[in-house]
Amino acid sequence: MNIILFGPPGAGKGTQSDIISKNFNLKKISTGDLLRDEIKKNTKIGHKIKVIIDAGKLASDEIINSLITEILENKIFYNRLIFDGYPRNLSQAKNLTLLLEKHNQTISCVLSLNVNKDLIIKRILGRQICSNCGSIFNEYFNPPIKEKHKCDPTYLIKRTDDNQITILDRFETYLEKTLPILEYYKKQNLLQEINGESQIEQIYKEIKGILTTLEAWLYNSYLYK
Ligand code: AP5
Ligand code: MG
């Protein structure tokens, strides 16, 4: 199965997709992480991407599509992908449909995490990321206590786009470019709305229920094809 995790910045897409990918053996594809990896390489294109991310705008479809094409061409990930923060506009969504068709796959389900703007801002301002293991924490809601995080605390960093100003730009970009995609998936009967304001474990419980049912359904339709 291929899943899309959809939601505004700070909705919990990264947090939930990490848990889902481990439990359902899916490969997490976060275009945000892929772009940040490009920035770390200190290339010319990486510098351009950093300016775009820090302004809360979207990277070009050309860059994103080439990153995604490379992954879909890798047979190891066939039909076991979870997309986190992708697609981000209608053109990317349509391109993904075409690419998956080309590789004999489809989207199985779009999980949309609904969270209000005030909570999003608080979550983003409290976010801490481990630059060693990649785990996502939050100083208010999910602190990196010893039982949850084994790396040295000096690895904990803040993202450069996690500040008061960029958050508002990112949210505007989300409303203008990303939110309209929901209609595209709604028409295809793929959309599942999730209350993203509950606790992390509670949200995962709901998602687990949906994905377990979906997995069984997909398996049965494969058997009786
Ligand atoms: P990206 O990295 O995708 O950022 P985003 O969409 O803005 O989302 P975030 O990563 O900020 O939030 P999240 O939903 O993953 O939340 P998280 O789980 O971390 O993109 C960054 C930039 O890259 C974009 O602005 C754009 O410039 C560019 N880009 C990326 N993809 C692109 C594309 N396809 N096309 C073009 N440009 C692209 O959680 C947030 C915090 O809340 C954490 O601290 C977490 O611990 C906490 N938390 C999570 N869940 C809960 C909960 N249930 N209760 C309490 N706290 C919680
Ligand atoms: Mg994220």
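Some values worked out for this structure:
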item	result
Tabulated pairs, the stretch 185-196, first farther than 10 Å from SER112 by Cβ, second among the polar types (S, T, N, Q), C-beta under 7 angstrom, 6+ apart or interchain	ASN195/ASN114
Only one of LYS94, LYS117 that is over 17 Å from GLN199 (Cα atoms) and surrounded by fewer than 18 Cβ atoms within 10 Å (Cβ to Cβ)	LYS94
Out of TYR185, TYR155, TYR140, sole residue that is modelled with pLDDT of 95 or more and open to solvent by less than 80 Å² (accessible area, probe 1.4 Å)	TYR185
Identity of the residue in the stretch 35-51, more than 16 Å from ligand 2 (Cβ to nearest atom) and of a type in the set (A, V, I, L, M), that ends up least open to solvent (accessible area, probe 1.4 Å)	ILE45
Residue within the stretch 87-96 that is modelled with pLDDT of 95 or more, part of a loop (DSSP other than H, G, I, E, B) and of a type outside the set (Lys, Arg) present	yes
Residue list for the stretch 1-52, filter: more than 14 Å from ligand 1 (Cβ to nearest atom), charged (D, E, K, R) and touching a helix residue (DSSP H, G or I) at 6+ places or on another chain (Cβ under 9 Å)	LYS27
Meets criteria (within 12 Å of ligand 2 (Cβ to nearest atom), modelled with pLDDT of 95 or more, open to solvent by 50 Å² or more (accessible area, probe 1.4 Å) and of a type in the set (Asp, Glu)) for ASP18	no
Pick from the stretch 22-34, criterion among the polar types (S, T, N, Q) and over 11 Å from the mean Cα position of the chain (by Cα), ranking: nearest to ligand 2 (Cβ to nearest atom)	ASN23
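The values are calculated or read from the model by the stated rules, or taken from the named source; none is laboratory data. For clarity, every value in this text was computed on a predicted model and none was experimentally measured. Please note: Cβ atoms are built from the backbone with ideal geometry, for glycine as well, and neighbour counts cover all protein chains shown. For accessibility, only protein heavy atoms count, side chains too; no ligands or nucleic acids. Shrake-Rupley method; radii C 1.70, N 1.55, O 1.52, S 1.80 Å.
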